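The values are calculated or read from the model by the stated rules, or taken from the named source; none is laboratory data. Fair warning: this is a prediction, and the values are worked out from it, not measured in the lab. For neighbour counting, all protein chains shown are included, and Cβ atoms are generated from backbone atoms with ideal geometry for every residue, glycine included.
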Amino acid sequence: MTDTQYVAPQTLDEAVGAFAAGGDDARILAGGTDLLVQMEAGVVSPGVIVDVKQVAELTTIEETADSGFVVGAAVSGAALEEHPRFGEVWPGVLEGFNLIGSTQIQGRASLGGNLCNGSPAADSVPAMVAAGAVATIQGPDGQRELPVEDIPTGPGSTCLAPGEILVSLTFPPRPAGSSDAYLRMIPRTEMDIAVVGVGVSLTIEDGVCTAARVGVGAVAPTVLLVEDAAKALIGSKLDDAALDAAAGACSAACNPIDDKRGTVAYRTKVAGVLLKRTTEIAAERAQGA
Amino acid sequence: MAKIHVTTKINGEPIEFLCDPSETMLDALRNELGLTGSKEGCGSGDCGACSITLDDRLVCSCLMLAAEAEGKEINTIEGMAEGENLHPLQEKFLEEAALQCGICTPGMLVAAKALLDQNPNPTETEVRFWLAGNLCRCTGYDKIIRAVLDTAAEMREAAQ
Ligand SMILES: Cc1cc2nc3c(=O)[nH]c(=O)nc-3n(C[C@H](O)[C@H](O)[C@H](O)COP(=O)(O)OP(=O)(O)OC[C@H]3O[C@@H](n4cnc5c(N)ncnc54)[C@H](O)[C@@H]3O)c2cc1C
Ligand code: FES
Ligand code: FES
């Protein structure tokens, strides 16, 4: 057994200090549903474990005055689901997040952990990318903000510098007629890893799509923002031609792996199909929003 | 290696124990505290046999560090019966034979209780989804689901 240390700092400054001081083999602990699995498998043996769940900025959900949201990076899926307003405004982000694991996993898993673990198949990430969520990052040299799609750099890696902690995710205010959705394709119906995951966020005014963002997971080394798919939707009435064009753009953006869960051809095709279905769900929700 | 001193509450009792920094809560319960009701089926969050509640939230104790228990309230299967009086879920599992080998049973009971504590009137679908992270190799699940639904119905009646 390695000589591990565990610390649970009370403030963000202390957490950044402990994390930076721990060097290369320090690890942040949020819900632990990735980290402890990796520790038990012997893949990771941290020198210092920095538990961030005592830090207020990482564990609170705040609705801003202009009705955006700031969600702490370590807030659990169960806690976000209980929030009275978040799921009304961002049903797609919440459904992506709530798809992660079982009830037990939901009691602990966080958006920050899902993002920082760097899996291309992370279920909450395409929906956060579609939402235009911005990550607030705090490190030894101060604070910076980055769009969620810029954080992962490859399977299991992120652009966070040594000592940097993801603090929170900011979801922008939404105009009337906006909503979002997330769908994933898995071989089983529960507890499985996405073969493709698609998040769509859009705004509809007088029947016309005036804004859209598309995030796609599990089809490339990182979750993708697919701007061409969004462009095909914007300005349209989401008719068949627009959906076909967007689906084509979505498939064209894919650069997937071939494995037992799905071939390249299968993943590429399903990405287009899911884009259409997800757009239809988001559009239906937007009509009522 | 320096041990960590943890002050916590388990099944309502204030408890102090020592653990290694990377020791899981499941290992601390079983090896330090003699609470062997929580089982290790997988050690990776897949089977739910190690289910406990942490400040009333259902979690896998195999994916939690023992050190995280500091200042929290933990409930395990050992706290479910009151002395000799079994919890209605425990009674119903026995009555309706909702177990065979019994390895999954503590986790099933802890998880089912957490559901009924927050939703006294779940649908069958809600029970199945809630318990999707509790695997059972023996029963085929139907008897477990039925026992949870029947307990919920009886507890609602008793509460009237
Ligand atoms: C049974 C099971 C089923 C699962 N099913 C799914 C699924 O369906 N879909 C899916 O996407 N995932 C799934 N997962 C993976 C996992 O639950 C998610 O990725 C979860 O969101 C991780 O969050 P966490 O808070 O537990 O992360 P942790 O394990 O605490 O952290 C994950 C990684 O991110 C780092 N990290 C965490 N927070 C921060 C931060 N604030 N700043 C910097 N670094 C940080 C940690 O150091 C670690 O390397 C499953 C896991 C299990 C055990
Ligand atoms: S032992 Fe914890 S989920 Fe299987
Ligand atoms: S009774 Fe044997 S695993 Fe459930």
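So the values come out like this:
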item: One residue from B:THR53, B:THR105 being crowded, with 19+ Cβ neighbours inside 10 Å, of a type in the set (Val, Ile, Thr) and assigned by TED's automatic domain parsing to the domain that holds B:ILE144; result: B:THR105
item: Residue selected from segment A:39-60 under the condition more than 12 Å from chain B (Cβ to nearest Cβ) and surrounded by fewer than 17 Cβ atoms within 10 Å (Cβ to Cβ), by the criterion nearest to B:PRO21 (Cα to Cα); result: A:ALA56
item: Single unsatisfied condition, B:GLY43 versus (1) away from ligand 2 (no atom under 14 Å from the Cβ); (2) at the interface with another protein chain (Cβ under 10 Å from one of its Cβ atoms); result: (1)
item: Whichever residue in segment B:58-80 is within 12 Å of the chain's Cα centre (by Cα) and assigned to a loop (DSSP other than H, G, I, E, B) and, among such residues, is farthest from ligand 2 (Cβ to nearest atom); result: B:MET80
item: Residue list for segment A:86-111, filter: part of a helix (DSSP H, G or I) and within 14 Å of chain B (Cβ to nearest Cβ); result: A:GLU95, A:ASN98, A:THR103, A:GLN104, A:ILE105, A:GLN106
item: Per-region count, segment A:88-123, residues within 23 Å of A:ASP228 (Cβ to Cβ) and of a type in the set (Ser, Thr, Tyr); result: 0
item: Which listed residue, of A:LEU166, A:LEU183, A:LEU94, A:LEU111, is modelled with pLDDT of 95 or more and touching a His at 6+ places or on another chain (Cβ under 9 Å); result: A:LEU94
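Table: residues versus (1) among the hydrophobic types (A, V, I, L, M, F, W, C); (2) more than 9 Å from chain A (Cβ to nearest Cβ).
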residue: B:LEU65; (1), (2): yes, no
residue: B:LYS72; (1), (2): no, yes
residue: B:GLU124; (1), (2): no, yes
residue: B:LEU135; (1), (2): yes, yes
